[in-house]
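Working notes, beginning with the structure itself.
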Amino acid sequence: MLYRVVLVVFLESIIFLTQAQVSPEVETYLAGVYQGKTLFIQNPFKKEERVFCIREIRINERSLNINYNLSAIMLDFEGHDLYTPVKIRIIHADTLCKPVIINPEAVLFHTIFRFMPIQLTDSALVWSTKGERGQGDFEVQHLKDGIWEVRKIIKATGKYEGAEYLYQPVLEEGANKYRVKYNFPQESRTEYLYSSEVELEYYLERVEFSPKSVKTHLYLSRTSHYEIYDQGNNLVQEGQGREVDVSELRKGRYVIYFKGRFPGPFSKE
């Protein structure tokens, strides 16, 4: 399988010993976002041990099932969405047998823009950024029926030192999933970058009504869609509001529902 990557922030090596304390290993870390370009890594050969240096490559902590007995390895991120974060860990023999990136122009990503933690509550979607340059914009996206829908576009401030943004969502009952897409300024080589996804289970408070024995009107604790059924389970009235005129109903017992929930019996005098 081939894999592609574009690197953003850092490239460092950490030396550690295996449990057997026989052969030292080095981990080279690469973090960035996938940009659709192939990355070529030179895999040196240890003549004294007659083995190639790279022992394992992990993408987002998933070990790759590839042939490491090659002098050059291609990473081509098939299956990954463009401009999504990726982390690569290359485990190789030692500091004297270090992988070499053959085409660094494919992995250098000249931006330090990043999303800071993003939070979703029942009243606000809040996120912050670092490293903005120029006038990009943010798309607030909501997942509905498996499709990401744009709910609002917010202009970026362009503050390199950091900025914070707020969007007040109209939540639906049940699971609500949001993310933010940052569209880089037109002069940037990169097109966009996604935040992490956030999810919130949201349920409205129960609707209460009065009186339970009524002549003309029912009064609801909040505005809601309602349906009224008679004793034969027939729908006799429905609407939207906070006050329900039931003066046309015949005398008898009924059940009122609010958005199909919170059933409550009442009697019409």
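The values are calculated or read from the model by the stated rules, or taken from the named source; none is laboratory data. In this text the structure is predicted, and so the values were computed from the model without any measurement. Don't worry about glycine lacking a Cβ; one is built from the backbone with ideal geometry, like all the others, and counts go over all protein chains shown. The accessibility values were calculated without ligands, DNA or RNA, using every heavy atom of the protein model including side chains. Shrake-Rupley method; radii C 1.70, N 1.55, O 1.52, S 1.80 Å.
Can you work out the FRET efficiency for the pair Thr121 and Lys251, with r the C-beta to C-beta distance and R0 = 51 Å, to the nearest 0.05?
Values: r = 46 Å, r/R0 = 0.90.
In this case the efficiency is close to 0.65.
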Item to check | Estimated distance in nm for a label pair at Glu27 and Ile102, the labels positioned 7 Å out from Cα along Cα-to-Cβ | outcome: 2.7
Item to check | Long-range HN-HN contacts of Asp94 with modeled amide H, under 5 Å | outcome: Val26
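With every protein chain present, what is the per residue accessible area of segment 174-269 (1.4 Å probe, Å²)? Mind dumping the intermediate values first?
Numbers: 5710 Å² over 96 residues.
Here the residues of segment 174-269 average 59 Å² of exposed surface.
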Checklist entry - How high is the relative contact order of segment 110-198, in percent, counting Cα pairs under 8 Å that sit 6 or more residues apart? => result 30
Item to check | Virtual spin-label span in nm between His225 and Ile153, 7 Å along Cα→Cβ | outcome: 3.0
Checklist entry - Taking all protein chains as present, what is the carbon and sulfur share of the accessible area of segment 161-269, in % to the nearest whole number, probe 1.4 Å? => result 44
